[in-house]
Structure formats: C-alpha cells, structure tokens
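The values are calculated or read from the model by the stated rules, or taken from the named source; none is laboratory data. Predicted model only: the values in this text are computed from it and were never measured. Because the Cβ atoms are built from the backbone with ideal geometry, glycine has one as well, and the counts that use them run over all protein chains shown. Note: areas computed on protein heavy atoms with side chains; ligands, DNA, RNA excluded. Shrake-Rupley method; radii C 1.70, N 1.55, O 1.52, S 1.80 Å.
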Amino acid sequence: MNTFEFFNKSFGRYLDPAPPGNRPHMDAWRVLSRPHGMRDKRPARLMSGWAIVRPSGTVMRQRLAADGVDYDTRTRAEAFGEELDAWDGGPRIFLVFDKSPVPVAHLFMTLDLRAVRICSPDGVETFDHTRPADPEDPALGRFRRELEKRRRRLAA
C-alpha cells in the first residue's frame, strides 16, 4: 500500500464522501484542500492543529464533524512525542496543519524511528528519533526542536 492509499483508507474516507477513485493521490489532494464540516462552525479547510494517521484510524486536534476520527487536545509535541515513544512499528503519517493546505507532495509515511517524517505545508522534516539532539542546535528543524525539548522536560 502506498502513502496515498494508506492516507485515504485511515483518514480520507471519513472526510470525503465521494467513493475512492483509481487515483489515490487525487483523493488525498481533495481531502487536504477542500473545506470540511466543523463541529459548531461552518465548513473550513484543515487549517490548524495536527493529525496522526494510523492503520487503526486517525487522531487529530481540529474538531471536524466527521465520525471515525478521534479528537485530542494535546499539543503536537505531546501527541507526536507520545506516539513515537509508544512506537509499535506500524506506519504513521504525522501532519501539521496551517493556513495553507498540506500539498500531496509533502505527504509521507513514517515507517521507522530512524526516519521520522513530519508533513506540513512548508515541507517535510525528516529526522532520526532514536538519537537525542540538542534542542538549542540552530540546525534542528522546528518540529524536532519541540520534540527534543519535550524529551528533556520528561527526563528531568
């Protein structure tokens, strides 16, 4: 199963009422770029928060009016860090939503802790989560920096 098929099976099918076509990348693009019903609000794009797409389903921060998706109030560092700490070896997609949509070109699965991929509208940040890093290192990406600060707080 490729990344787009995994995304659609574990997340997209809950947000896109159209039956899946034979172009999984277009199905994923539709989910990421179009407005979705929100709880107690009018429809909006996935514009803020985060999501973790798992084989068993998706957990996310933004509260959509979609059945089959679990909702969580943790910060992305807490959610991503706990997910990585409890890693079971299965595929995951880590998504960060912002004002612009996440392009399908930035959609990647994480299959190994040595190559964690955080997908956002700005790009994809890849890092080795098995090796601690200095959160003050200016070369670290912003998501890795958040996770390393969390790791140090928990170790203290």
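If r is the Cβ-Cβ distance from Arg34 to Ser56 and R0 is 25 Å, what FRET efficiency results, to the nearest 0.05?
Efficiency, from the Cβ-Cβ distance: 0.50.
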For Ser33, Ser120, Ser48, write out the residues from largest to smallest accessible area, computed with a 1.4 angstrom probe and no ligands counted. Ser48, Ser33, Ser120
Net charge of neighbours whose Cβ lies under 14 Å from the Cβ of Phe80, counting Lys and Arg as +1 and Asp and Glu as -1: +4
Using just the helices of the chain, give the 222 nm mean residue ellipticity in deg cm²/dmol: DSSP H runs with n ≥ 4 each add -39,500 (n - 2.57), and the total is spread over all residues, rounded to 500. -7500 deg cm²/dmol
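Report the full-extension gain for the segment Glu82 to Lys9: residue separation times 0.36 nm, less the Cα-Cα distance, to one decimal in nm.
My answer for the length gained is 24.0 nm.
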Checked the range 84-137 against the a/c 1.5 cut and the a/b vs b/c comparison, axes a ≥ b ≥ c from its Cα gyration tensor; verdict oblate
Sorted from largest to smallest, which semi-axis lengths in Å does the alpha carbon gyration tensor of the range 13-150 give for its equivalent ellipsoid, taking the root of 5 times each eigenvalue? 26, 16, 15
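Relative contact order for the range 4-156: what percent, with Cα pairs under 8 Å and sequence separation of 6 or more?
For the range 4-156, the relative contact order is 18 percent.
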Pull up the DSSP beta bridges for the range 1-134 and report the antiparallel fraction as a percent, rounded to 5. 80
Estimated FRET transfer efficiency when R0 is 25 angstrom, pair Lys149-Val124 (beta carbons, to 0.05): 0.75
1.4 Å probe accessible area per residue over the chain, in Å²: 54
Percent RCO, i.e. relative contact order, over the range 69-117, from Cα pairs under 8 Å lying at least 6 residues apart: 35
Taking H as built 1.01 Å from N, whose amide H comes closer than 5 Å to the amide H of Tyr71, not counting residues under 5 places away? Met60
